[in-house]
Amino acid sequence: MKNAALPILFATVLVRGVCVLENIPEVDDIAISLEILQQMGAKVSFRKRNTVHIDTAGLQQGTSPYELVNKLRGSTYLLGAELGRFGKASVGSPGGCNFGSRPLDQHMKGFEVLGAFETRDGGYIYLDAPDGLHGGSVYFDVASVGATVNVMLAAVLADGLTVIDNAAREPHIVDLANFLNSCGANITGAGTSVIKIRGVEELHACTYTIIPDMIEAGTYMVAAAITGGCLQIDSVIPKHVESITAKLCEMGVDVEEGDDYVIVRGTDTLLKNVNIKTLPYPGFPTDMHPQFAPLLCLADGVSCIQEGIWENRFRYVDELRKMGASIRLDSHTATFMGVERLSGAPVEAVDLRAGAAMVVAGLAAEGVTEISGIQYIKRGYVDIVGKLQSLGADIEEVTYSDFIPMHRIN
């Protein structure tokens, strides 16, 4: 839900009226995003749990607080949203997990086609379209989710037709298009490599339900597989997790798909070795790469993960080695030599998905695993401790006297 919700939250900047968004996850990135909108002048309220009302009629351009936008990568969507509504934007440099270089060159390429020009000063990014925004043909050198979102946001109110070629195809791109169309936008082709956006004069408010989070679902699928358990995961779109399902089945795990659920049945035999390469959707998602790593540590024989998206995704490797994993790292490829068991150890959640990987590893490890840096995990998982406890895991969140929060997993 987080990856789908963030673009839609910032897309409400384009709407004059009260948008009602359902199925909003209670995670830190969402809380920060809502606080940003509030400090910009939006009225934000929860009438019931997981349903937020957002009125951006009084939102002021260029007022996003630097200290908040610097905490999450999704704040880049303010660039397209402000540009689309006001014809200009000024937003602090984005933050988020450290995956190495994450340039905005494709974003700026798209903005320039639409008639906007960039300057940077004092840690801020400024955009201005002095002659207004107009449609154009945008070709991305790489299928960037963030750039696709930003050009969509900037183009919905621009004059004429915008065509995005080599667009990202992720489910949350489709979800954003569906939300904007529900508000009166004219977007076709979302979910394919070519998206067409015909500018409209204004958008109106709507009520919209965010799609389920395929990465959260995938993480629990892996947790069931590594513990040999049986788990039914509800409120999931099985098509969105097909690449995850395929790799689990290849490893010998049984996965049953329903209309809106999946059932994962672990095996009591050794997991089979597999090779994984992360790719843009519908390929294997980079956000599921770290969670699969503990599975490969315990699989029979030699497995590989080739990372094709983020250069710094392998920061979890040293943490798994502390638990007894045998991993060789070479540039963008990790080779896993299967071991008989993992042992509990003090480890760190170095980023959001690496943190989830440590939880997965801790569930299968012998002894106690202590995970520090859990603020990263809370950025993307709703009550992961409570959910795992309800499934029988021996896991708790504790706070030591020096105020460093940690998980204890046995």
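The values are calculated or read from the model by the stated rules, or taken from the named source; none is laboratory data. Just so we're clear, the structure is a prediction, and the values are computed from it rather than from any experiment. FYI the Cβ positions are ideal-geometry reconstructions off the backbone, even for glycines, and counts take in every protein chain you see. Calculation scope for accessible area: heavy atoms of the full protein, side chains included, ligands and nucleic acids excluded. Shrake-Rupley method; radii C 1.70, N 1.55, O 1.52, S 1.80 Å.
Quick check on Pro282: is it part of a helix (DSSP H, G or I) and within 23 Å of the chain's Cα centre (by Cα)?
Judged against the criteria, Pro282 is not a match.
Collect the residues in the range 14-34 that are in a helix (DSSP H, G or I) and in contact with a strand residue (DSSP E or B) (Cβ under 9 Å, 6 or more places away or on another chain), keeping them in residue-number order.
Across the range 14-34, the qualifying residues are Ile30, Leu34.
For residues that are open to solvent by 50 Å² or more (accessible area, probe 1.4 Å), of a type in the set (A, V, I, L, M) and either within 17 Å of Met288 (Cβ to Cβ) or assigned to a helix (DSSP H, G or I) (or both), tally how many sit in the range 300-335.
1
If you go through the range 265-279, how many residues are in contact with a strand residue (DSSP E or B) (Cβ under 8 Å, 6 or more places away or on another chain), part of a loop (DSSP other than H, G, I, E, B) and either buried (at least 17 other Cβ atoms within 10 Å of the Cβ) or of a type outside the set (A, V, I, L, M, F, W, C) (or both)?
So the count comes out to 5.
If a residue must be in contact (Cβ under 8 Å) with a residue 60 or more places away in the chain and out of contact with any Leu (no Cβ under 9 Å at 6 or more places or on another chain), how many such residues does the range 275-289 contain?
So the answer is 5.
Anything in the range 243-264 that is surrounded by 18 or more Cβ atoms within 10 Å (Cβ to Cβ) and either touching a His at 6+ places or on another chain (Cβ under 8 Å) or of a type in the set (D, E, K, R) (or both)? List them, or say none.
Kept after step one, since they are surrounded by 18 or more Cβ atoms within 10 Å (Cβ to Cβ), are these residues of the range 243-264: 243-245, 247-248, 251, 253, 255, 262, 264.
Correct list: Lys247 only.
Looking at this structure, is Gly228 crowded, with 23+ Cβ neighbours inside 10 Å, more than 19 Å from Ala11 (Cβ to Cβ) and not aliphatic (A, V, I, L, M)? Talk me through it step by step, then tell me what you get.
Working: crowded, with 23+ Cβ neighbours inside 10 Å: no; more than 19 Å from Ala11 (Cβ to Cβ): yes; not aliphatic (A, V, I, L, M): yes.
No.
Name, by its number, the condition in (1) under 22 Å from Ile210 (Cα atoms); (2) open to solvent by less than 10 Å² (accessible area, probe 1.4 Å); (3) assigned to a loop (DSSP other than H, G, I, E, B) that does not hold for Ala81.
Answer for Ala81: the failing condition is (3).
Restricting to the range 181-214, name every residue that is within 25 Å of Arg379 (Cβ to Cβ) and either open to solvent by less than 10 Å² (accessible area, probe 1.4 Å) or in contact with a Ser or Thr (Cβ under 7 Å, 6 or more places away or on another chain) (or both). Steps first, please.
So in the range 181-214, the residues within 25 Å of Arg379 (Cβ to Cβ) come out as 208-214.
Residues satisfying the conditions are Tyr208, Ile210, Pro212.
Can you name the number of the only condition in (1) in contact (Cβ under 8 Å) with a residue 40 or more places away in the chain; (2) polar (S, T, N, Q); (3) touching an Asp or Glu at 6+ places or on another chain (Cβ under 9 Å) that Thr333 fails?
Looking at each condition in turn, Thr333 falls short on (1).
Take the residues in the range 6-52 that are on the phi > 0 side of the Ramachandran plot and among the small types (Gly, Ala, Ser), then tell me which one is modelled with the lowest pLDDT. Break it down stepwise before answering.
The initial filter retains those residues of the range 6-52 that are on the phi > 0 side of the Ramachandran plot, namely 17, 23, 41, 50.
Restricting the remaining residues to those that are among the small types (Gly, Ala, Ser) gives 17, 41.
Values: Gly17: 89, Gly41: 97.
That would be Gly17.
Could you check how many residues of the range 120-152 are of a type in the set (Ser, Thr, Tyr) and either open to solvent by less than 30 Å² (accessible area, probe 1.4 Å) or in a loop (DSSP other than H, G, I, E, B) (or both)?
Residues of the range 120-152 of a type in the set (Ser, Thr, Tyr): 124, 126, 137, 139, 144, 148.
If we keep only those that are either open to solvent by less than 30 Å² (accessible area, probe 1.4 Å) or in a loop (DSSP other than H, G, I, E, B) (or both) as well, we get 144, 148.
Of the residues in the range 120-152, 2 are of a type in the set (Ser, Thr, Tyr) and either open to solvent by less than 30 Å² (accessible area, probe 1.4 Å) or in a loop (DSSP other than H, G, I, E, B) (or both).
Note down all Cβ pairs under 6 Å where the first residue falls in the range 178-199 and is without any contact (Cβ under 8 Å) to a residue 60 or more places away in the chain, the second is part of a loop (DSSP other than H, G, I, E, B) and buried (at least 22 other Cβ atoms within 10 Å of the Cβ), and they're at least six residues apart or on different chains.
Note: pairs meeting the criteria are Gly184/Leu203; Ala185/Val156; Ser193/Ala167; Ile195/Ala167.
Does Gly386 qualify as being touching a residue at least 12 places away in the same chain (Cβ under 8 Å) and of a type in the set (Gly, Ala, Ser)?
For Gly386, the condition - touching a residue at least 12 places away in the same chain (Cβ under 8 Å) and of a type in the set (Gly, Ala, Ser) - is not met.
Just to be sure before I move on: is Ala42 out of contact with any Ser or Thr (no Cβ under 6 Å at 6 or more places or on another chain) and of a type in the set (A, V, I, L, M) in the structure I sent?
Working: out of contact with any Ser or Thr (no Cβ under 6 Å at 6 or more places or on another chain): no; of a type in the set (A, V, I, L, M): yes.
When the stated conditions are applied, Ala42 does not pass them.
Given the conditions (1) open to solvent by less than 20 Å² (accessible area, probe 1.4 Å); (2) touching a Pro at 6+ places or on another chain (Cβ under 6 Å); (3) within 29 Å of Cys304 (Cα to Cα), report the number of the one that His240 does not fulfil.
Of the numbered conditions (1) open to solvent by less than 20 Å² (accessible area, probe 1.4 Å); (2) touching a Pro at 6+ places or on another chain (Cβ under 6 Å); (3) within 29 Å of Cys304 (Cα to Cα), the odd one out for His240 is (1).
If Ser75 satisfies every condition in (1) open to solvent by less than 10 Å² (accessible area, probe 1.4 Å); (2) outside any helix (DSSP H, G or I); (3) modelled with pLDDT under 95 but one, which is the exception?
Against the list (1) open to solvent by less than 10 Å² (accessible area, probe 1.4 Å); (2) outside any helix (DSSP H, G or I); (3) modelled with pLDDT under 95, Ser75 comes up short only on (2).
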